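Just below is one structure, and these are the notes that go with it.
The values are calculated or read from the model by the stated rules, or taken from the named source; none is laboratory data. In this text, all values refer to a predicted model and were calculated from it rather than measured experimentally. We place every Cβ from the backbone using ideal geometry, glycine too, and count neighbours over all the protein chains shown.
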């Protein structure tokens, strides 16, 4: 619209008034209202912070956890009072095991009578190891399974009385 029309030289027609109103409505408001521009920038910054926070949290949750240590079922000897001194110890096979750590101790005393690292899920006591066990005492035995890189995979423990 020209300055002549605004100065009143020519009255504004309803169509011109309508066009001017439409142009004002379609004009970007952030040019005339700086508050809306600031609010838009603040919303953008908040959205960026939220996205960054969620991305960081997601990465933290993806971190691999330490492998779970499962329980080994002990097969022989069973818990309880035994009539004979056991010579053989057996337990379930654990997949991926490179070796087992076997320990036999006197219950409550803490002294280790037998400590070995068999590659199979069983162990037979030597005559010397067998002679270390005495009637009237209680014993604890434990087995741990380890991978080829030394990671603990599973463990089990039991006890018996002679």
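The table below gives the values:
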{"item": "Residue satisfying condition, being touching a helix residue (DSSP H, G or I) at 6+ places or on another chain (Cβ under 8 Å) and surrounded by fewer than 16 Cβ atoms within 10 Å (Cβ to Cβ), within set 87, 56", "result": "87"}
{"item": "Positions within the stretch 42-77 being in a loop (DSSP other than H, G, I, E, B) and modelled with pLDDT of 90 or more, in sequence order", "result": "72, 73, 77"}
{"item": "Per-region count, the stretch 78-91, residues touching a residue at least 40 places away in the same chain (Cβ under 8 Å) and in a loop (DSSP other than H, G, I, E, B)", "result": "7"}
{"item": "Residue match in the stretch 91-99 (condition: surrounded by 11 or more Cβ atoms within 10 Å (Cβ to Cβ), under 24 Å from residue 160 (Cα atoms) and at pLDDT below 90)", "result": "no"}
